[in-house]
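Here is the structure we will look at, set down as structure tokens.
What follows is calculated from the coordinates using simple rules that are stated; it is not laboratory data. The structure displayed is predicted, hence computed values, not measured ones. Positions of Cβ are backbone-derived with ideal geometry, glycine not excepted, and every protein chain shown enters the neighbour counts.
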Amino acid sequence: MKIKNFGPIKNGFNDNNGYFEVKRVTIFIGDQGTGKITVAKLFSTFSWLEKAIYRGQYSQFIKCAI
């Protein structure tokens with residue numbers, strides 16, 4: 001996953017060309033307001049969207065987004 005210029009995350013992750021891996025157990029540690037919850041919410045949303053597309057339920061998402 002690569003996040004840059006979204007919410008409190010401005011420059012993105014410095015290592016690995018900006019990418020970081022989310023494993024089965026991933027712990028975010030940092031100061032307040034640095035984007036830990038933003039990363040978790042984005043990952044959750046994209047995981048849900050991927051599953052919805054795979055199941056063919058993406059039309060529900062499109063109706064909500066419009």
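Once segment 26-60 is narrowed to residues that are surrounded by 12 or more Cβ atoms within 10 Å (Cβ to Cβ) and small (Gly, Ala, Ser), the residue that is nearest to residue 7 (Cα to Cα) is 35. Does segment 36-44 contain at least one residue that is out of contact with any Asp or Glu (no Cβ under 8 Å at 6 or more places or on another chain) and in contact (Cβ under 8 Å) with a residue 40 or more places away in the chain? Within segment 36-44 (the criterion being out of contact with any Asp or Glu (no Cβ under 8 Å at 6 or more places or on another chain) and in contact (Cβ under 8 Å) with a residue 40 or more places away in the chain), the answer is yes, since at least one residue qualifies.
Residues in segment 1-52 that are in a helix (DSSP H, G or I) and of a type in the set (Val, Ile, Thr): 37, 38, 39, 45.
Go through segment 40-53 and give me each residue that's touching a Phe, Trp or Tyr at 6+ places or on another chain (Cβ under 6 Å) and β-branched (Val, Ile, Thr).
Taking segment 40-53 first, the residues touching a Phe, Trp or Tyr at 6+ places or on another chain (Cβ under 6 Å) are 52.
Those that are touching a Phe, Trp or Tyr at 6+ places or on another chain (Cβ under 6 Å) and β-branched (Val, Ile, Thr): none in segment 40-53.
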